[in-house]
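J.: Structure below; questions to follow.
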Amino acid sequence: MHCPLCAKYLKELDKLAGDFAAAGVSVLALSSDDKARTEQALADWELKNINLGYGLTAEQAQAWGLHRSAGRGLTSIGIEEPAEFSEPGLFLVRPDNTLYWAQISTMPFARPLFREVLGAVNFVVEKDYPARGELV
């Protein structure tokens, strides 16, 4: 709820939710905010087409490789940051629950554009493009 970049980003995703659904992608945005803050963000940001989960724990964030930050008071929009929260990540998970693609950041800036992600999804499906980064 405290992040103006998240608001802008999720509003873009909300507008494209139908296009993602048409491509076979179920969308879930997940926050470390509690239920009350998440419901307030849903209302304030007027998100109507995406599911917004809440209560991501530090352990769950770590399991996904997400970076954690300590709150530093009020943000630029005057909302208090939580004591701890996750920095953004974007994951495409196949129907068999295997990870296809991940984008993890230590900062809220320079996130993948959802129109480009949607284009990539359409390409991947059309060409049966394999997951990369398989050599761990």
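The values are calculated or read from the model by the stated rules, or taken from the named source; none is laboratory data. None of these values were measured; they are calculated from a predicted model. Positions of Cβ are generated from backbone atoms using ideal geometry, with glycine treated the same way; all protein chains shown enter the neighbour counts. For the accessible areas, the whole protein counts, side chains as well, though only heavy atoms, and no ligand, DNA or RNA atoms are used. Shrake-Rupley method; radii C 1.70, N 1.55, O 1.52, S 1.80 Å.
J.: Excluding residues on the same chain fewer than 8 positions from Lys8, give the lysines whose Cα lies under 17 Å from its Cα.
T.: Lys48
J.: How far, in nm, would the chain grow between Val136 and Ala58 when pulled straight, counting 0.36 nm per residue and subtracting the alpha carbon separation?
T.: Here the segment from Val136 to Ala58 would lengthen by 25.7 nm.
J.: For Lys11, list the aspartates and glutamates whose Cα falls under 18 Å from its own Cα; do not include residues on the same chain fewer than 8 positions away.
T.: Answer for Lys11, where 18 Å is the Cα cut-off: Asp19, Asp33, Glu39, Asp44, Glu46, Glu87, Glu116, listed by chain and number.
J.: What percentage of all Cα-Cα pairs in the range 10-87 are separated by more than 22 Å?
T.: Result: 32 percent of Cα pairs exceed 22 Å.
J.: Treat every Asp and Glu Cβ in the chain as -1 and every Lys and Arg Cβ as +1, leave all other atoms uncharged, and give the resulting dipole magnitude about the Cα centre to the nearest 20 debye.
T.: Once rounded to the nearest 20, the dipole reads 220 debye.
J.: Test of understanding: what is the full-extension gain from Asn122 to Ala110, defined as 0.36 nm times their sequence separation minus their Cα-Cα distance?
T.: In short, 2.1 nm is gained.
J.: Next up: With every protein chain left in place, what is the accessible area of Ile50 in Å² (1.4 Å probe, nearest 10)?
T.: Using a 1.4 Å probe on the heavy atoms, I get roughly 20 Å².
J.: Still on this structure, please answer the following. Ignoring any ligand, DNA or RNA, what whole percent of the accessible area of the range 37-136 comes from carbon and sulfur when the probe is 1.4 angstrom?
T.: 53
J.: With a/c under 1.5 counting as rounded, go ahead and sort the range 34-136 into rounded, prolate or oblate using the C-alpha gyration tensor (a ≥ b ≥ c being the square roots of the eigenvalues; past the cut-off, prolate if a/b is larger than b/c, else oblate).
T.: In terms of gyration-tensor shape, prolate.
J.: For Leu90, Leu99, Leu5, write out the residues from largest to smallest accessible area, computed with a 1.4 angstrom probe and no ligands counted.
T.: Result of the area sort, largest leading: Leu99, Leu5, Leu90.
J.: In deg cm²/dmol, rounded to 500, what helix-only [θ] at 222 nm does the chain give when every DSSP H run of at least 4 residues adds -39500 (n - 2.57) and the total is split over its residues?
T.: My calculation for the chain gives -11500 deg cm²/dmol from helical runs alone.
J.: If you don't mind, there's one more thing I want to ask. I'd like to know which of Ser76, Leu28, Tyr129 lies farthest towards the positive end of the charge dipole of the chain, counting +1 on Cβ of Lys and Arg and -1 on Cβ of Asp and Glu.
T.: Sorting the options by dipole projection puts first Tyr129.
J.: Compute, for Leu56, the solvent-accessible surface of its heavy atoms (probe 1.4 Å) with the complete set of protein chains present, and express it in square angstrom to the nearest 10.
T.: Roughly 20 Å² of Leu56 is accessible to a 1.4 Å probe.
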